[in-house]
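Data block below; observations after.
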Amino acid sequence: MSTQERLYKVLLGPHISEKATIVADGNGQYVFKVATDATKPEIKQAVESLFDVKVLSVRTLNHKGKVKRTVRGFGKRSDTKKAYVRLAEGQEIDFLNV
């Protein structure tokens, strides 16, 4: 797989929540759902190339899936990974017009 193809598979989409909105307004950070095997340099390169912005830092968070009880026994939600991406001063990403 080429590096360009990999960049499109790293970012799964924006993570929209109350906390993500507060972080975006206050610190110029955006939260993305990313592939569980994605590295910080890959995430930085993907955001810079797809949205044409300058990334200052990337922080990642691994979220373990919950074990849930169902009628047929126990099931497990899948593990996820989020990335908090800080952009350079004065830059922003508009998800509505992308």
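Each residue in the stretch 18-42 was checked for being polar (S, T, N, Q) and at pLDDT below 90, and 2 of them qualify. Confirm whether GLY90 is outside any helix (DSSP H, G or I), open to solvent by 20 Å² or more (accessible area, probe 1.4 Å) and not basic (Lys, Arg). Here the answer is yes, as GLY90 does meet what is asked. Pairs linking a residue in the stretch 26-42 that is at positive phi to a residue that is part of a helix (DSSP H, G or I) and basic (Lys, Arg), with Cβ atoms under 8 Å and 6 or more positions apart or on different chains, do not occur.
Residues in the stretch 55-71 that are open to solvent by 100 Å² or more (accessible area, probe 1.4 Å) and in a loop (DSSP other than H, G, I, E, B): LYS64, LYS66, VAL71. The number of residues in the stretch 67-87 that are over 13 Å from the mean Cα position of the chain (by Cα), of a type outside the set (Val, Ile, Thr) and within 30 Å of LYS40 (Cβ to Cβ) comes to 5.
The numbered conditions (1) of a type outside the set (Val, Ile, Thr); (2) within 19 Å of LYS9 (Cβ to Cβ); (3) without any contact (Cβ under 8 Å) to a residue 60 or more places away in the chain are all true for LYS82 except (3).
One line per residue, one yes/no per condition, for (1) surrounded by 16 or more Cβ atoms within 10 Å (Cβ to Cβ); (2) farther than 16 Å from LYS81 by Cα; (3) in contact with a strand residue (DSSP E or B) (Cβ under 9 Å, 6 or more places away or on another chain):
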residue: PRO14; (1), (2), (3): no, no, yes
residue: GLU18; (1), (2), (3): no, yes, no
residue: PHE32; (1), (2), (3): yes, no, yes
residue: THR36; (1), (2), (3): no, no, yes
residue: LYS40; (1), (2), (3): no, no, yes
residue: SER49; (1), (2), (3): no, yes, no
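Annotation: of all residues in the stretch 72-87 being outside any strand (DSSP E or B) and out of contact with any strand residue (DSSP E or B) (no Cβ under 9 Å at 6 or more places or on another chain), the one that is surrounded by the fewest Cβ atoms within 10 Å (Cβ to Cβ) is ARG72.
The values are calculated or read from the model by the stated rules, or taken from the named source; none is laboratory data. All values reported here derive from a predicted model rather than from experimental measurement. Here the Cβ is made from the backbone with ideal geometry for all residues, glycine too, and neighbour counts use every protein chain on show. With ligands, DNA and RNA removed, areas are computed over all heavy atoms of the protein, side chains included. Shrake-Rupley method; radii C 1.70, N 1.55, O 1.52, S 1.80 Å.
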